[in-house]
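> Take this structure first; my questions come after.
The values are calculated or read from the model by the stated rules, or taken from the named source; none is laboratory data. Just so it is clear, the model here is predicted, and its values are computed rather than measured. As a convention, Cβ positions derive from the backbone with ideal geometry for all residues, glycine included, and neighbour counts pool all protein chains shown. These area figures cover heavy atoms from the full protein model, side chains too; ligands, DNA and RNA do not enter into them. Shrake-Rupley method; radii C 1.70, N 1.55, O 1.52, S 1.80 Å.
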Amino acid sequence: MQLNFVNISVQDMDRAVKFYTKLFQKDPVTESERLVEFEFDGVKIGLHSAEADVTDREVSYGDNCFPGFRVEDLDEEKDRVSEFAEIVSENSVGGHRWITVRDSEGNTLELYDGHL
C-alpha cells in the first residue's frame, strides 16, 4: 500500500488555491473546477470542491483532514506563515516541535521540525 493523495474539502476554491500556493510556495500541477492538486514526490494534496460533484454526501468543512508537513526550520516557517495564516498553537514534546496552523477553509495543519 502506498499513499497517493490527500484531499481537503474546500468551500471557496479560489481562496484555498491562493492560501495553499502561498503555503507550499509552488503552483498546482492540475486545476479544474472540481479539483486542484499540488504534488510532493509523487503524493498529491488535492483541494476538492464537493459542490462541483453530483452526490448525496454531506460535506463538513474545516478540520476534515489533518495533514502534517515537515519543514527544515520551524521558526523560519512560523514567521513566514504567520503573515497569512492563524497560528493556533505551538508545541514541543520530547524534542519534537510543531505548530498548528488554520488554513483559509478552517482546516488544521501541522508544520513540524523534521525530527519525527
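> Could you list all residues from region 91-101 that are in a strand (DSSP E or B) and either farther than 26 Å from V43 by Cα or open to solvent by less than 60 Å² (accessible area, probe 1.4 Å) (or both)?
Within region 91-101, the first condition is being in a strand (DSSP E or B), and the residues that meet it are 91-93, 96-101.
Once the filter is applied, which keeps residues that are in a strand (DSSP E or B) and either farther than 26 Å from V43 by Cα or open to solvent by less than 60 Å² (accessible area, probe 1.4 Å) (or both), region 91-101 yields N91, S92, V93, H96, W98, I99, T100, V101.
> For region 84-116, enumerate the residues that are among the acidic types (D, E) and in contact with a helix residue (DSSP H, G or I) (Cβ under 9 Å, 6 or more places away or on another chain). Steps first, answer last, please.
Of region 84-116, the ones among the acidic types (D, E) are 86, 90, 103, 105, 110, 113.
E90, D103, E105, D113 - these are the residues of region 84-116 that are among the acidic types (D, E) and in contact with a helix residue (DSSP H, G or I) (Cβ under 9 Å, 6 or more places away or on another chain).
> Need at least 3 residues that are at pLDDT 95 or above per element, so show me which strands (runs of 3 or more DSSP E) inside region 1-64 make the cut, counting only ones lying wholly within it. First the steps, then the outcome.
Details: elements: 5-9, 35-40, 43-48.
Once the strands (runs of 3 or more DSSP E) in region 1-64 are filtered for at least 3 residues that are at pLDDT 95 or above, what remains is 35-40.
> Among the residues of region 71-90, is there at least one that is at pLDDT below 85 and either open to solvent by 20 Å² or more (accessible area, probe 1.4 Å) or of a type in the set (F, W, Y) (or both)? Before the answer, list the steps.
So the first thing to find is which residues in region 71-90 are at pLDDT below 85, and the list is none.
Checking region 71-90: not a single residue is at pLDDT below 85 and either open to solvent by 20 Å² or more (accessible area, probe 1.4 Å) or of a type in the set (F, W, Y) (or both).
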